[in-house]
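A.B. asks: Sharing a structure here in structure tokens format.
Read-outs: derived from the displayed coordinates by stated rules, not from any lab. From a predicted model like this one, the values you see are computed outputs, not experimental measurements. A quick note on method: Cβ atoms are made from the backbone with ideal geometry, for glycine too, and the neighbour counts reach across all protein chains shown.
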Amino acid sequence: MIKDLQQELKDRWDGFTASEQKIASYMLQNIHDVPFETAVSLGEHVGVSAMTVGRFLRNLGYDGVAELKEALRGKGTWQQLYTEPAPSKDSDAVAAHLQEEIRALSEVHALVGTHEWNSVVKQLVSADRVSVASFQHAGFLGQGLAKMLQQVRPNVSFHSGSDGAYLDMLLDSTRKSCVVLIDVRRYFKQFRPLATEVAARGIPLVLITDTDCYWARELTPHVLMVRANWVWHSYSGLISLFSLLIASAIQQSGNVMGRIGSVNELRQKLVGYMGSSSRKDLEPSAGARKAHRPVRKPATGEKSKKPR
């Protein structure tokens, strides 16, 4: 039943009003919590009235929240899917933070293999170039994803927007390219205008954001969301999502070890690593041994040989 409802929301997305899309977006990302909601609480989550929620549900064929909750409960299948962590016996901030981290990681792993996930991976693998951007103090997120992608595919770049117009991203990308924008609340001012501009130019757009970003699916079907929570400074869910994306990209691309080997070879040649992967690599070359051979001092009474 849950999958049926999720599919219906996605299939009918384009016919929803802006308010209905807010409700649908919340339900898609928090489907396991719906059995515990009311029309009022659903409305409060997305900033619409309880009457709007009621009209939306009737449009879906339910008399109201109560009937929807009964349908989702079914024969108890929702209980098997609901993975709310058990409340911590210790009420300190560290324990609460740990519970949020566990929940975030579990939900990110649940995204793998979904329709949205597969569509995003396809974009990252097939695009002729991938441009990544994130903003301000969260800039390291986009830099990290771009660096990871560079290991497994060519033509990946991070754009800081330092030129004031994201020129390379907007002017040089085509319909065969892909732009990835990353941001979570509180969203920076350039996030939505930049996403809107990318979509308006017909450039395939991937948005990686949180569940409070109700407008994301208005611009692109390629959306991955992590749960919005009060641990705003925790990025573990997103970092895990990036690692899983790279793993999926490798799986879909096939053999990328040749590129990874070339990357490591260049790094060893131009920068170098601490240590070595083999004993042979640790041994100096013949030329190096000769160059570093110590000069033997003549013993007392022994004449030094005149250099030739």
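A.B. asks: What ratio of Cα Rg to 2.2 N^0.38 Å holds for region 2-81? Don't jump to the answer; show the numbers that get you there.
C.D. replies: Working: Rg = 11.6 Å, N = 80, 2.2 N^0.38 = 11.6 Å.
Taking N as the residue count of region 2-81, the ratio is 1.00.
A.B. asks: Still on this structure, I have one more. For region 1-44, max minus min Cα coordinate along each principal axis, in Å, sorted largest first?
C.D. replies: Principal extents (largest minus smallest coordinate, Cα): 26, 24, 13 Å.
A.B. asks: With an 8 Å Cα cut-off and a minimum separation of 6 or more residues, compute the relative contact order for region 117-162 in percent.
C.D. replies: It rounds to 40 percent for region 117-162.
A.B. asks: Once both labels are modelled 7 Å past Cα along the beta-carbon direction, what's the Val112-Leu60 spacing in nm?
C.D. replies: 2.8
A.B. asks: Anything over 25 Å Cα to Cα? Flag those among Lys22/Lys176; Lys3/Lys69; Lys69/Lys122; Lys22/Lys189; Lys69/Lys189; Lys3/Lys176, in the order listed.
C.D. replies: Lys22/Lys176; Lys69/Lys122; Lys69/Lys189; Lys3/Lys176
A.B. asks: For Lys269, which aspartates and glutamates qualify as cross-link partners when the Cα separation must be under 13 Å and same-chain residues fewer than eight apart are set aside?
C.D. replies: Those aspartates and glutamates meeting the cut-off are Asp281.
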